[in-house]
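These notes concern the structure reproduced below.
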Amino acid sequence: MLKVYKCSKSPTIKVDSHSIQPLLESSVMTSYFSRAAWILLLVLCQPWSIRAFSGLIFQFYPYHTHRLTTGSVNSVMKDTKVSLTSSSSERIDSGTAEEKSSPIKLKYDLVVIGGGSAGLTAAKFATSFGKTSVIIEEAKLGGDCTWSGCVPSKTLLSCAKAAYTVKKASQYGLELNGSKDAKIKVDMKAIHDKIQRTIQTIYEEEDSAEVLSSKGVDTIQGRASFISNNTLSINLIPTEDLSTTVAADGLAKGKAEILVEAKAGIVICTGATAFVPPVDGLIDSGVDWATYETIFSKLGKLPNNRSPPRLTIIGGGPIGCELAQAFSRFGSNVTLVTPSLLLNDAVEPEAREALQRVFQEQDNIKIVTGRVQKVRQELDGLGKSVGAHCITVSSKNGAPETCIEVRGDLLLVATGRKPNVKKLYDEGGLKEIGVELNDNYNGIKVDDKLCTTVRNIYAAGDCTGDKQL
Ligand SMILES: Cc1cc2nc3c(=O)[nH]c(=O)nc-3n(C[C@H](O)[C@H](O)[C@H](O)COP(=O)(O)OP(=O)(O)OC[C@H]3O[C@@H](n4cnc5c(N)ncnc54)[C@H](O)[C@@H]3O)c2cc1C
């Protein structure tokens, strides 16, 4: 499955995704929460990841066996109790009075910006090769996958599957309370709590600063910006926990900045955020709407703890389709508005047709083909909001173009994701050091080994603008 070979520059690893794929299907699908394997294999099977490791590994292949062990920051994440005594980093500032007023300076073989799936994998990979690594994370270790992506969405889907199976119990020869026609009551608050527990478990077992520390990966909570092609300035996020932790080390009291130098390379893994299209009225009409970033926490606050009676989803990509099926199985009337085919062009027509059939025949999901033009609140006769929305969709299916209105109680915007690069590029020094972006800020430009346009700086994961879910 893994072959080590020597490329023109240095040794590297080739990952055979065909060998990994069956593993994914057998072990990962059946044992969802064996997350270590899951994350690693999912990540390894992504085209970007395969390239990431073939590009990165040459830096960490163990012909440098020396491991730095001078004491320094081990973890500066706000949610950790890990002490700052043992560390894999190298302090490069000394203790003179003058230097004490300057920022803390640390040195690692690999410096990773962003602690999501890509960043976690890169940092762990480096330490498994005996190299030192640190992750700079400005929000929560685990990134989208743990907090608002794969983990909550798959947990939601597993709850929806259970609801569906119970409803169809009679097809399995089962009766519930003596009835073949099972009526289930869905408690969205309980589903919300289950999702949050699952997220917490995954976080504590796989992503937390403590776990990373036990694998030799250091973590710093802060926002990274480039001051040269091998040094980052980290603005520490000023939280109480953080200042206590940093002060406890006696190194950074009153300091807001750390300088981190990379000896071998920097990997940018800043991920992506929800793309919200500029639809008239969406932001400012007062309509209740969500994206994947907010929907999972909203589940705990739905009226009467029930699934919304009518859910409108804008976007027929993977996220829109997943959530459409889940909510319809909880009892919502779901309308999915999509300008194009379900999923996207990369999906085989047979798969798309099967999905469309299941949506329409089993899940009762209404699919409307067209583009959303306008979003507004639904008003009563006195012009008062009734807590619902009405969206206008224009469709070119027929000639001439027609407009229809779709009404619902909750609006979910699932119109894709955009790479998280603008801030780092415009304000974080990326432009100044010569790292180029794709057109329209659509990700960091990389070659097939995930090298950026600057030597020893790499980018991996969603921030490269590669195909997003
Ligand atoms: C609803 C949904 C379901 C999904 N389901 C699946 C699935 O089933 N299977 C699958 O393979 N994928 C799935 N995905 C996609 C998967 O979640 C992403 O591909 C993955 O999370 C990308 O990882 P990443 O490391 O590139 O970015 P992220 O996970 O987004 O991590 C980026 C991190 O960088 C941090 N950051 C950004 N800028 C800075 C900075 N300047 N300084 C410091 N830190 C910074 C962010 O805070 C963030 O934590 C799903 C996504 C969604 C939204």
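Report yes if A160 is modelled with pLDDT of 95 or more and not assigned by TED's automatic domain parsing to the domain that holds I113, otherwise no.
Judged against the criteria, A160 is a match.
Across the stretch 102-135, which residue is modelled with the lowest pLDDT among those that are closer than 21 Å to S225 by Cβ and surrounded by fewer than 24 Cβ atoms within 10 Å (Cβ to Cβ)?
It comes out as S102.
Consider the stretch 378-427. How many of its residues are modelled with pLDDT under 95 and of a type in the set (F, W, Y)?
Residues flagged as modelled with pLDDT under 95 and of a type in the set (F, W, Y) within the stretch 378-427 amount to 0.
If we scan the stretch 273-283, do we find a residue that is part of a strand (DSSP E or B), closer than 29 Å to R371 by Cβ, modelled with pLDDT under 95 and away from the ligand (no atom under 16 Å from the Cβ)?
Yes, because at least one residue in the stretch 273-283 is part of a strand (DSSP E or B), closer than 29 Å to R371 by Cβ, modelled with pLDDT under 95 and away from the ligand (no atom under 16 Å from the Cβ).
In the set S170, S179, S214, S208, which member is more than 16 Å from I295 (Cβ to Cβ), within 17 Å of the chain's Cα centre (by Cα) and modelled with pLDDT under 95?
Working: S170 fails: within 17 Å of the chain's Cα centre (by Cα); S179 fails: within 17 Å of the chain's Cα centre (by Cα); S214 fails: within 17 Å of the chain's Cα centre (by Cα).
Among S170, S179, S214, S208, only S208 is more than 16 Å from I295 (Cβ to Cβ), within 17 Å of the chain's Cα centre (by Cα) and modelled with pLDDT under 95.
Check K449, K384 and return the single one that is surrounded by 13 or more Cβ atoms within 10 Å (Cβ to Cβ), away from the ligand (no atom under 12 Å from the Cβ) and either closer than 20 Å to A118 by Cα or not aliphatic (A, V, I, L, M) (or both). Don't jump to the end; show me each part of the working.
Details: K384 fails: surrounded by 13 or more Cβ atoms within 10 Å (Cβ to Cβ).
Of K449, K384, the one residue that is surrounded by 13 or more Cβ atoms within 10 Å (Cβ to Cβ), away from the ligand (no atom under 12 Å from the Cβ) and either closer than 20 Å to A118 by Cα or not aliphatic (A, V, I, L, M) (or both) is K449.
Could you check, for the stretch 327-349, whether at least one of its residues is surrounded by 17 or more Cβ atoms within 10 Å (Cβ to Cβ), within 25 Å of T273 (Cα to Cα), under 23 Å from the mean Cα position of the chain (by Cα) and touching a residue at least 60 places away in the same chain (Cβ under 8 Å)?
Within the stretch 327-349 (the criterion being surrounded by 17 or more Cβ atoms within 10 Å (Cβ to Cβ), within 25 Å of T273 (Cα to Cα), under 23 Å from the mean Cα position of the chain (by Cα) and touching a residue at least 60 places away in the same chain (Cβ under 8 Å)), the answer is yes, since at least one residue qualifies.
Output the residues belonging to the stretch 167-177 that are out of contact with any strand residue (DSSP E or B) (no Cβ under 7 Å at 6 or more places or on another chain) and among the hydrophobic types (A, V, I, L, M, F, W, C).
Listed by number, the residues that qualify are L174, L176.
I'd like the residue in the stretch 134-156 that is in a helix (DSSP H, G or I) and hydroxyl-bearing (S, T, Y) and, out of all such residues, is nearest to the ligand (Cβ to nearest atom). So that I can check it myself, show each step before the final result.
If we filter the stretch 134-156 for residues that are in a helix (DSSP H, G or I), which is where we start, we get 143-147, 150-156.
Narrowing further to those that are hydroxyl-bearing (S, T, Y): 146, 153, 155.
On the way: T146: 8, S153: 4, T155: 11 Å.
Here the answer is S153.
May I ask you to list the residues in the stretch 218-245 that are farther than 26 Å from A264 by Cβ and either over 27 Å from the mean Cα position of the chain (by Cα) or modelled with pLDDT under 50 (or both)?
Correct list: E240, D241, L242, S243, T244, T245.
Can you tell me which residues in the stretch 136-146 are of a type outside the set (D, E) and surrounded by fewer than 22 Cβ atoms within 10 Å (Cβ to Cβ)?
A139, K140
Scan (1) farther than 25 Å from D109 by Cα; (2) surrounded by 13 or more Cβ atoms within 10 Å (Cβ to Cβ); (3) more than 12 Å from the ligand (Cβ to nearest atom) for the single condition E432 breaks and write down its number.
The single condition E432 does not satisfy is (1).
Would it be correct to say that L379 is surrounded by 12 or more Cβ atoms within 10 Å (Cβ to Cβ), within 16 Å of the ligand (Cβ to nearest atom) and in the same structural domain as R329 (by TED's automatic domain parsing)?
no
Please work out which residue is farthest from S328 (Cα to Cα), limiting yourself to the stretch 168-219 and to residues that are among the acidic types (D, E) and part of a helix (DSSP H, G or I).
That would be E210.
The values are calculated or read from the model by the stated rules, or taken from the named source; none is laboratory data. These numbers come from a predicted model, not from an experiment. Here Cβ is always computed from backbone atoms with ideal geometry, including for glycine, and neighbour counts include all displayed protein chains.
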